[in-house]
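The values are calculated or read from the model by the stated rules, or taken from the named source; none is laboratory data. In this text, all values refer to a predicted model and were calculated from it rather than measured experimentally. A quick note on method: Cβ atoms are made from the backbone with ideal geometry, for glycine too, and the neighbour counts reach across all protein chains shown.
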Amino acid sequence: MSKMDPPGVKPYDGPAGGWGALHAVAKAIKDQTAVTSDVRALLKANQPMGFDCPGCAWPDPDHRSSFEFCENGAKAVAWEATAKRAAPEFFAAHPVAELWTWSDFDLEKQGRLTHPMAYDTASDRYLPISWDEAFTRIGAALRALPDPNMAEFYTSGRASNEAAFLYQLFVREFGSNNFPDCSNMCHEATSVGLPDSLGAGKGTVTLEDFDHCDAIFCIGHNPGTNHPRMLATLREAARRGVPIVVFNPLRERGLERFASPQDPIEMLTMRSTEIASSYYQVKVGGDLAVLKGMMKTTLALDAASLASGGPGVLDRAFIAEHTSGFEALAADLEGTEWAAIERQSGLSRADIEAAGAVYAKASRVILCYGMGVTQHRHGTSNVHQLANLLLLRGNIGREGAGICPLRGHSNVQGDRTVGVTEIPDEAFLARLDAAFGIASPREKGHNAIETVEAIRDGKSKAIICLGGNLAVAMSDPEATFAAMRKLDLAVHIATKPNRSHLILAKESIILPCLGRTEIDVQETGPQAVTVEDSMSMVHASRGGLKPASDELRSEPAIVAGIAKAALPQSKVAWDHLIADYSRIRDKIEEVFPDFFNFNERIMQPGGFRLKVASSEREWRTPSGKANFIPAEGLAEDPAVGADALVLTTIRSHDQYNTTIYSLNDRYRGITGRRDVVFVNAKDLSARGLKHGDAVDLETVPADGAGGAPRRMRGLTAVAYTIAEGSVAAYYPEANNLIALESYDHRSGTPAYKSVPIRLRAAGA
Ligand SMILES: Nc1nc2c(c(=O)[nH]1)N[C@H]1C(S)=C(S)[C@@H](COP(=O)(O)OP(=O)(O)OC[C@H]3O[C@@H](n4cnc5c(=O)[nH]c(N)nc54)[C@H](O)[C@@H]3O)O[C@H]1N2
Ligand SMILES: Nc1nc2c(c(=O)[nH]1)N[C@H]1C(S)=C(S)[C@@H](COP(=O)(O)OP(=O)(O)OC[C@H]3O[C@@H](n4cnc5c(=O)[nH]c(N)nc54)[C@H](O)[C@@H]3O)O[C@H]1N2
Ligand SMILES: [Mo]
């Protein structure tokens, strides 16, 4: 530690991966005291006939190395395969009022839930109950609602296709389309924006495309932490000489240098591979300006090429045959001034032109993006611009090119595919009704924001959560907590205790479920489930570990139990479906024809790819073409005063969303704490502050997200390589700074990555 560094802050000089990653894997396993035979389970992650890693949604290569797992996958597996238990004795020892004062970290650290538990007001404790009793109570409470739309049905993206399909079936037979889900907080801007542009809400590339591309752009995502297996792909591309252009306000180590733990030479010589060929520290909320700048550059290079008798840079044949709206886009770009682009992005025209030139020169470009793009007030518009840029040179729907949204949870994409959506289309509902003889409701349901609003306003009285930690993950958790205390029924299907479980309704029930890594035995024997990754590959997942408790049930079985209790006259043969999951898959196939021969095709190693029409240049838009969609102006978020900074909220290396594995963030040089804010040294000194000072954050109410200023106190300022004018703090601690009203009105995605704040010395 240098004299200047505050405790727990020390710049990290190493590459991403390397020995640090191997040490971290060993430590993660040791901390969970997972028994050695369980460690072998790691080796089955993402292997044919093994289980799908619950870590991220990055796909598996065809030719995998003997251990296709990564540091953070290992943490996710060790977290689930832990030897620790949150059994009835734990709940007996601690009243809920006491647990509420615990940190989220300490709550989950208790380990796996073992029994169904119901809250008892008299003792202020969760007490064990039988499954039958739990289902009876839930069924009675749901049936007591005057209107099925007074219940909300949340999904976090770990649920398998089988569990999610049964869940949406139950909810629709019950009579609601209220499906708030984690995707609403994540890639909803993609799910709404890409259909506008390309007619399909999914990425267009496959993993093989990375072998054929000749430029990669990485905008607003942090693969070294959140999709570590992607680093192997980026490394191979970098070694082929493919330029990798990064736009990120923070210098993220995983995008700079990577030492592959699978490469003995790199490991033994302590060498690493440079990842980014150019790294641009765009301001938070500056991507729209960058994208317009790069498109402007592409048009300018095109004009210059034509003027000198060249063929031009635009793919004119593609634009003519496949797209609509080019003129309006060109006019918008023409009218956008470079000075404004520079101001908004914090980058120089020369830098953006250099990036634009890389784009224009490459014949096959892949554009990857994450939460840095979607979690803004105009996140959907950002996604449109990404598509525009690619369409200019026909970079959609051919080998080595395309758009690559990095999805969050390991099956968040699959849950959507099999019907978990608040805005179902008619064709799907008609097929669902025909397959089961039910009458699904037609009205639009609630997304995550609308759910919290409906509960707050007393319009919804019950919530069932298939996984997740909704109250903590949402913006404005205080408001969400207050709202959820007004519920009549709260049910959590979960693997570990978390804060959402402590927000008590009149009836609160926790149902413990099997995790991905565990053997799932039903009447006809052990079952496999299926998941869909970020690149639309569907494959089977089979757990191999002994369940954490004999009482655990699978998610499909729990959904069926609730459905039977809530719908005594159900048209669905729940027990029959649960006895053999291949029967559920037959039904999925009946409702979604793209899953033809579902049960046969998952037997192939690696599974199969679902059709994504846009990757075949089939445009399922109203115009029948891909659409260029200009964005108004350059601001992704409401403008703020000159003295304000823009806060973005990010994940540490040792966390999985609201699950905190440890208080360390190795690549950013933070150990044993999370109460820090990353600030550019110039922004600190402009405020008379320095590295290590205690500071407070106060929000600047922006238009449409007003209310009294919100505060976060007593953080330690860390001088960091972050764009000027931008600061960063950890999610979920900083969520109280984000007003519920601050979201993208097209997609409902909260603006987690753009919070106008003022920074002051603590207590000032
Ligand atoms: N280990 C681990 N893996 C995970 C998760 C996890 O928590 N832990 N979460 C999973 C989930 S649900 C998701 S959605 C994904 C999330 O994966 P990412 O999209 O990588 O998520 P974040 O950490 O939120 O932030 C992404 C990056 O955006 C940058 N950024 C912030 N604001 C801006 C901006 O305005 N512009 C640009 N260009 N960049 C910006 C940040 O510096 C950060 O590097 O990961 C999934 N995988
Ligand atoms: N400020 C800010 N807020 C954000 C974000 C951000 O970048 N910044 N990101 C947003 C994003 S992208 C997302 S996706 C959401 C995440 O929101 P959620 O998906 O709701 O949250 P998680 O933290 O992933 O959920 C963790 C809980 O899931 C349960 N769980 C784990 N595995 C399983 C399983 O196999 N089955 C079941 N039934 N339960 C399981 C455990 O009980 C655990 O406590 O947060 C959002 N919130
Ligand atoms: Mo996510």
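Here are a few things to note about the model shown:
- Here Asp586 passes the criteria (1) in a helix (DSSP H, G or I); (2) within 30 Å of Tyr720 (Cβ to Cβ); (3) of a type outside the set (Ser, Thr, Tyr) except the one numbered (2).
- Taken across region 626-638, residues that are of a type outside the set (S, T, N, Q) and within 22 Å of the chain's Cα centre (by Cα) do occur, with at least one present.
- Residue tally, condition surrounded by 24 or more Cβ atoms within 10 Å (Cβ to Cβ) and acidic (Asp, Glu), over region 370-415: 1
- Filtered by the rule that a residue be in a loop (DSSP other than H, G, I, E, B) and within 16 Å of ligand 2 (Cβ to nearest atom), region 353-408 gives Gly370, Gln375, His376, Arg377, Leu406, Arg407, Gly408.
- Residue match in region 511-520 (condition: farther than 29 Å from Arg137 by Cβ and either buried (at least 17 other Cβ atoms within 10 Å of the Cβ) or out of contact with any Leu (no Cβ under 8 Å at 6 or more places or on another chain) (or both)): yes
- Residue list for region 652-678, restricted to those being within 14 Å of ligand 2 (Cβ to nearest atom), in contact with a helix residue (DSSP H, G or I) (Cβ under 6 Å, 6 or more places away or on another chain) and over 19 Å from Asp106 (Cβ atoms): none
Okay, residues lined up against (1) of a type in the set (Gly, Ala, Ser); (2) touching a residue at least 12 places away in the same chain (Cβ under 8 Å); (3) surrounded by fewer than 17 Cβ atoms within 10 Å (Cβ to Cβ):
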position	(1), (2), (3)
Thr417	no, yes, no
Ala434	yes, no, yes
Ile438	no, yes, no
Pro441	no, yes, no
Ile455	no, yes, no
Ala462	yes, yes, no
Cys465	no, yes, no
Met474	no, yes, no
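- Selection status of Phe596, over 27 Å from the mean Cα position of the chain (by Cα) and farther than 21 Å from Phe135 by Cβ: yes
- A single entry from Gly312, Gly372, Gly346, Gly379 fulfils the requirement of being at positive phi, within 31 Å of the chain's Cα centre (by Cα) and modelled with pLDDT of 95 or more: Gly346.
- Residue within region 529-544 that is among the aliphatic types (A, V, I, L, M), more than 16 Å from ligand 3 (Cβ to nearest atom) and either without any contact (Cβ under 8 Å) to a residue 40 or more places away in the chain or not assigned by TED's automatic domain parsing to the domain that holds Ala134 (or both) present: no
- Criterion violated by Lys690 - all others in (1) surrounded by fewer than 17 Cβ atoms within 10 Å (Cβ to Cβ); (2) within 26 Å of the chain's Cα centre (by Cα); (3) charged (D, E, K, R) satisfied: (2)
- Odd one out for Val529, checked against (1) under 30 Å from Gly402 (Cβ atoms); (2) within 15 Å of ligand 2 (Cβ to nearest atom); (3) surrounded by fewer than 24 Cβ atoms within 10 Å (Cβ to Cβ); (4) of a type in the set (A, V, I, L, M): (3)
- Of the residues examined, Glu636 is one that is buried (at least 18 other Cβ atoms within 10 Å of the Cβ) and of a type in the set (Asp, Glu).
- Test result for Arg746, assigned to a strand (DSSP E or B), surrounded by fewer than 24 Cβ atoms within 10 Å (Cβ to Cβ) and away from ligand 1 (no atom under 16 Å from the Cβ): no
- Hey, Arg620 touching a residue at least 24 places away in the same chain (Cβ under 8 Å), under 30 Å from Leu466 (Cβ atoms) and in a loop (DSSP other than H, G, I, E, B) or not: yes
- Qualifying positions in region 179-200 - away from ligand 2 (no atom under 16 Å from the Cβ) and either assigned by TED's automatic domain parsing to the domain that holds Lys444 or in contact with a Ser or Thr (Cβ under 7 Å, 6 or more places away or on another chain) (or both): Leu198, Gly199, Ala200
- Qualifying positions in region 533-550 - more than 18 Å from the chain's Cα centre (by Cα) and either closer than 18 Å to Gln522 by Cβ or in a loop (DSSP other than H, G, I, E, B) (or both): Ala540, Ser541, Arg542, Gly543, Gly544, Leu545, Lys546, Pro547, Ala548, Ser549, Asp550
- Matching entry among Ala471, Ala479, Ala434, Ala483 (being assigned to a helix (DSSP H, G or I), in contact with a Lys or Arg (Cβ under 6 Å, 6 or more places away or on another chain), in the same structural domain as Glu89 (by TED's automatic domain parsing) and over 17 Å from Ser176 (Cα atoms)): Ala483
Yes/no per residue for (1) in a strand (DSSP E or B); (2) in the same structural domain as Phe318 (by TED's automatic domain parsing); (3) within 16 Å of ligand 3 (Cβ to nearest atom):
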{"residue": "Pro630", "(1), (2), (3)": "no, no, no"}
{"residue": "Gly633", "(1), (2), (3)": "no, no, no"}
{"residue": "Ala639", "(1), (2), (3)": "no, no, no"}
{"residue": "Ser652", "(1), (2), (3)": "no, no, yes"}
{"residue": "Tyr667", "(1), (2), (3)": "no, no, no"}
{"residue": "Gly672", "(1), (2), (3)": "no, no, no"}
{"residue": "Val677", "(1), (2), (3)": "yes, no, no"}
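- In this structure, Thr648 does satisfy being within 15 Å of ligand 2 (Cβ to nearest atom), touching a residue at least 40 places away in the same chain (Cβ under 8 Å), among the hydroxyl-bearing types (Ser, Thr, Tyr) and crowded, with 22+ Cβ neighbours inside 10 Å.
- Residues of region 213-235 that turn out to be in a helix (DSSP H, G or I) and within 6 Å of ligand 1 (Cβ to nearest atom), as a count: 2
- Verdict on Ala454 being touching a Ser or Thr at 6+ places or on another chain (Cβ under 7 Å) and not charged (D, E, K, R): yes
- Some residue of region 151-166 being away from ligand 2 (no atom under 16 Å from the Cβ) and out of contact with any helix residue (DSSP H, G or I) (no Cβ under 9 Å at 6 or more places or on another chain): no
- Residue within region 303-311 that is surrounded by 19 or more Cβ atoms within 10 Å (Cβ to Cβ) and either in contact (Cβ under 8 Å) with a residue 24 or more places away in the chain or over 19 Å from Ile629 (Cβ atoms) (or both) present: no
- Considering region 276-350, the qualifying helices (runs of 4 or more DSSP H), each wholly inside and each with 2 or more residues that are farther than 21 Å from Asn680 by Cα, more than 16 Å from ligand 3 (Cβ to nearest atom) and among the hydroxyl-bearing types (Ser, Thr, Tyr), run over 287-307.
- Among (1) touching a strand residue (DSSP E or B) at 6+ places or on another chain (Cβ under 7 Å); (2) surrounded by 14 or more Cβ atoms within 10 Å (Cβ to Cβ); (3) touching a residue at least 24 places away in the same chain (Cβ under 8 Å); (4) not basic (Lys, Arg), the one test that Ala92 misses: (2)
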